[in-house]
Structure formats: C-alpha cells, structure tokens
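**Student:** The structure's right below; bear with me while I get my questions together.
The values are calculated or read from the model by the stated rules, or taken from the named source; none is laboratory data. Model, not experiment: these values are computed from the prediction. Don't worry about glycine lacking a Cβ; one is built from the backbone with ideal geometry, like all the others, and counts go over all protein chains shown. Surface accessibility is based on the protein's heavy atoms, side chains included, excluding ligands, DNA and RNA. Shrake-Rupley method; radii C 1.70, N 1.55, O 1.52, S 1.80 Å.
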Amino acid sequence: MNSHELHNKIGEHLKKVNFKNVKLLIDPACGGSQNIPLFLNERKSRETKICNVDFMILKNERIKIIIEIEESSKTPHQILGKLMCSALAKFYIHKESNDKIIPMDDNVCFVQILDTRELKIRSKKIPQWINIELAINEILSTFKTNIKTYKLFYGNMEDINLNEISQFIKMNFDN
C-alpha cells in the first residue's frame, strides 16, 4: 500500500478543480514537484525554517490557505503541532518562486484532513477531533497569528468528500 494514498487522491482532485486567480502549490507526497517550506522570518535558512506543508494556495502573492493531511499519526499532539508550526510561520520562500518572500495573508485558512482508515469500529477519535476543532476555533482569535480559520475534515479513501473540501477552499478565497 502506498503510504501517501490519501495525499495523492486529494492532490489529484485539487489539481482538477477550477480555482480562479490563485496558485496551488503541492508537495511531492501529494503528487506535486516541490517542498513547501514556511519560515519564521524573511531570512531563508535552516535556523528560520519551521515546517513544510502539504498544500498551499496563494492569492495575490500571499499565502491564503494551508492544507495538511494526516494519514498515520492523528493524535492531538500531531494535529495541534502542525497547526502551531504554521501559525508561527510568517513567510514562504522557495527557489521555485525565485526565492521571493511571500507573506501570509491577513486572513489565512488552515485546513486539516485526517484519514480514518486505521480507526477501530468504536473509536472515540472522531468525537475527539470534533472537540479539537471546536477548541481551536474558540481560541484562534486570541492568538497573534494570521491564521483566522481552522477547518477539519476526515474520511478514508472511499468516503472522503472531496467536493465538500474544494467548496470550502473556494469559499475561503474571498475572506
């Protein structure tokens, strides 16, 4: 089994969606061709790089949407860690964009997609994830970050609602 099956499925779907006036960046695990590094400040270095994300959507040369997919570790620690790294980041800088410093928009949306394939029948993970999403949205406005919206989706290869994900993403271009 490919360890990034859901990443690839979502990547293929997002490549086909007619997103207007935006640039979609996709990392190799999702079928793209580049890593998507985020930095703490305007200096591109190992000391300031904080993470690589799975997908990123740029609008008007600003980071508008960040997407992370979790197929293996879906613990609160992993979920919150991915969000916190992105929340601390300020810029995207990469040779594919001629090392141009691309800042976060004033209103960034962070989307996290969690794979349910490995969950046991009576798992409490989905209710836990829903509670995490509610808690994040409750406190997000108190953080000094450009991420203003957090949305969590979950499902597996057969039942993930790709159209719901892409509609949510499109809806957040105008925010």
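**Student:** In the set 99, 54, 106, 115, which member is touching a Cys at 6+ places or on another chain (Cβ under 9 Å) and among the acidic types (Asp, Glu)?
**Tutor:** 54
**Student:** Hey, among 168, 173, which residue is at negative phi, open to solvent by less than 50 Å² (accessible area, probe 1.4 Å) and not in a helix (DSSP H, G or I)?
**Tutor:** 173
**Student:** Restricted to segment 86-98, and to residues that are charged (D, E, K, R) and either open to solvent by less than 70 Å² (accessible area, probe 1.4 Å) or assigned to a helix (DSSP H, G or I) (or both), which residue is modelled with the highest pLDDT?
**Tutor:** 95
**Student:** I'd like to know if segment 100-121 contains one or more residues that are open to solvent by 60 Å² or more (accessible area, probe 1.4 Å), in a loop (DSSP other than H, G, I, E, B), under 24 Å from residue 36 (Cβ atoms) and not hydrophobic (A, V, I, L, M, F, W, C).
**Tutor:** So in segment 100-121, the residues open to solvent by 60 Å² or more (accessible area, probe 1.4 Å) come out as 100-101, 106, 117-118, 120-121.
Right, trim to in a loop (DSSP other than H, G, I, E, B) and you get 100-101, 117-118, 120-121.
Still in the running and under 24 Å from residue 36 (Cβ atoms): 100-101.
Subset that is not hydrophobic (A, V, I, L, M, F, W, C): 100.
Yes; the residues of segment 100-121 include at least one that is open to solvent by 60 Å² or more (accessible area, probe 1.4 Å), in a loop (DSSP other than H, G, I, E, B), under 24 Å from residue 36 (Cβ atoms) and not hydrophobic (A, V, I, L, M, F, W, C).
**Student:** Could you please let me know if residue 158 is assigned to a loop (DSSP other than H, G, I, E, B), open to solvent by 50 Å² or more (accessible area, probe 1.4 Å), within 16 Å of residue 11 (Cα to Cα) and not hydroxyl-bearing (Ser, Thr, Tyr)?
**Tutor:** Criteria met by residue 158.
**Student:** Let me ask something additional. Give me the residue from segment 62-81 that is of a type in the set (D, E, K, R) and at pLDDT 95 or above and, out of that set, surrounded by the fewest Cβ atoms within 10 Å (Cβ to Cβ).
**Tutor:** So the residue we want is 62.
**Student:** Still on this structure, please answer the following. Identify the residue in segment 31-44 that is more than 14 Å from the chain's Cα centre (by Cα) and farther than 17 Å from residue 14 by Cα and, among all such residues, is most open to solvent (accessible area, probe 1.4 Å).
**Tutor:** Within segment 31-44, the match that is most open to solvent (accessible area, probe 1.4 Å) is 43.
**Student:** Being touching a residue at least 24 places away in the same chain (Cβ under 8 Å) and in contact with a Ser or Thr (Cβ under 9 Å, 6 or more places away or on another chain) is the filter; apply it to segment 66-78 and report the residue that is farthest from residue 15 (Cα to Cα).
**Tutor:** Taking segment 66-78 as the starting set, the residues that turn out to be touching a residue at least 24 places away in the same chain (Cβ under 8 Å) are 66-72, 74, 76.
When the remaining residues are screened for being in contact with a Ser or Thr (Cβ under 9 Å, 6 or more places away or on another chain), the result is 66, 68, 71-72, 74.
Values: 66: 15, 68: 16, 71: 20, 72: 23, 74: 25 Å.
Looking at the filtered set, the residue picked out is 74.
**Student:** Still on this structure, please answer the following. What residue, among those in segment 7-34 that are of a type outside the set (Asp, Glu), out of contact with any helix residue (DSSP H, G or I) (no Cβ under 7 Å at 6 or more places or on another chain) and within 22 Å of residue 81 (Cβ to Cβ), is modelled with the highest pLDDT?
**Tutor:** Of everything passing the filter in segment 7-34, 25 is modelled with the highest pLDDT.
**Student:** Residues of segment 45-61 being more than 12 Å from the chain's Cα centre (by Cα) and either crowded, with 16+ Cβ neighbours inside 10 Å or of a type in the set (Val, Ile, Thr) (or both), which ones?
**Tutor:** Hits for segment 45-61 are 48, 49, 50, 58, 59.
**Student:** If I ask for residues that are over 27 Å from residue 145 (Cα atoms), in a loop (DSSP other than H, G, I, E, B) and open to solvent by less than 60 Å² (accessible area, probe 1.4 Å), which ones from segment 1-30 would you list?
**Tutor:** Once the filter is applied, which keeps residues that are over 27 Å from residue 145 (Cα atoms), in a loop (DSSP other than H, G, I, E, B) and open to solvent by less than 60 Å² (accessible area, probe 1.4 Å), segment 1-30 yields only 17.
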